[in-house]
Amino acid sequence: MEVILFIHVIAMAFFVGGQIMLAATIVPVERSNPDPARMKAIAQNFGWGSLVALGTLIFTGMLMASHYSLWSDSTLHIKLTLMILTFISLGAHMKYSKSHALMGLTFVLTLSVVWFGLEL
Ligand code: HEM
Ligand code: HEM
């Protein structure tokens, strides 16, 4: 299970770290030197990477939840609810990709999932 947790944590690092990288470095650089087509390409490529990371998180998370018999754990239920809210926010962000509020909401919801991951 340690290998599974390792993979889970690496995928989490990509998913969370990618958003920090986007917000802290790429978006400010793009703002001072705008190129909407380039920004869109970066965001879309990151989107595909995140999809792989999310699939990995869900798969490894399910393996651990079964192994540790956590499916009825209320902390896991909160974590999964927040993850679904993150998906909804992500869907809205991709549809309304100019909205800064949706970028912020997606990021904050992601961090809340990490928090409840640590609580498990
Ligand atoms: C894992 C989380 C995220 C994923 C998977 C994701 C994915 C995407 C995708 C696929 C697009 C392109 C939408 C389109 O085709 O028009 C996009 C646009 C964008 N995202 Fe994200 N995003 C995430 C989080 C964030 C965060 C936290 C920020 C905050 C800085 C952000 C900033 C942007 C910007 C600036 C655009 C381009 C807006 C535009 O000019 O069209 N994204 N994102
Ligand atoms: C966005 C998706 C997810 C993120 C960001 C995330 C994040 C995390 C984090 C930060 C940890 C703590 C690692 C540690 O304390 O060593 C963790 C552990 C865990 N996650 Fe996730 N996770 C996600 C999805 C899932 C899913 C979908 C499930 C289950 C269906 C799940 C089940 C677990 C379990 C069972 C553990 C604890 C393992 C243990 O007891 O050591 N995770 N996760």
Open item on the list: Out of the residues in region 99-120 meeting the condition of being within 18 Å of Ile10 (Cα to Cα) and without any contact (Cβ under 8 Å) to a residue 40 or more places away in the chain, tell me which one is farthest from ligand 1 (Cβ to nearest atom).
Closed with: Leu118
- [ ] Hey, could you check region 30-50 for residues that are of a type in the set (A, V, I, L, M) and surrounded by 11 or more Cβ atoms within 10 Å (Cβ to Cβ) and say which is nearest to ligand 2 (Cβ to nearest atom)?
- [x] Ala43
Open item on the list: Just to be sure I understand the filter: pairs with C-beta atoms under 6 Å, separated by 6 or more residues or on different chains, first member in region 63-82 and not in a helix (DSSP H, G or I), second member not small (Gly, Ala, Ser). Which pairs pass?
Closed with: Leu70/Leu76
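So if I check each of Leu51, Leu22, which one is more than 22 Å from Leu120 (Cβ to Cβ), among the aliphatic types (A, V, I, L, M), touching a helix residue (DSSP H, G or I) at 6+ places or on another chain (Cβ under 7 Å) and assigned to a helix (DSSP H, G or I)? Spell out how you get there, then give the answer.
Details: Leu51 fails: touching a helix residue (DSSP H, G or I) at 6+ places or on another chain (Cβ under 7 Å).
Going through Leu51, Leu22 in turn, the sole match is Leu22.
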Task: Every residue from region 74-83 that is more than 8 Å from ligand 2 (Cβ to nearest atom) and surrounded by 15 or more Cβ atoms within 10 Å (Cβ to Cβ) - done: Ile78, Leu82
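If you scan region 83-120, which residues turn out to be assigned to a helix (DSSP H, G or I) and charged (D, E, K, R)? Can you show your working first?
We begin by selecting, within region 83-120, every residue assigned to a helix (DSSP H, G or I); these are 83-95, 100-119.
Residues satisfying the conditions are Lys95, Glu119.
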Task: Qualifying positions in region 84-112 - over 30 Å from Pro36 (Cβ atoms) and not small (Gly, Ala, Ser) - done: Ile84
- [ ] Could you list, in sequence order, all residues of region 89-108 that are modelled with pLDDT of 95 or more and either near ligand 2 (Cβ under 9 Å from one of its atoms) or among the basic types (Lys, Arg) (or both)?
- [x] Lys95
Task: Residue identified as at pLDDT 95 or above, within 12 Å of ligand 1 (Cβ to nearest atom), under 25 Å from Ala23 (Cβ atoms) and surrounded by 15 or more Cβ atoms within 10 Å (Cβ to Cβ) among Thr56, Thr86 - done: Thr86
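The values are calculated or read from the model by the stated rules, or taken from the named source; none is laboratory data. What you see is a predicted model, and the numbers here were worked out from it, not measured in a lab. So basically every Cβ, Gly included, is an ideal-geometry build from the backbone, and we count neighbours across all protein chains shown.
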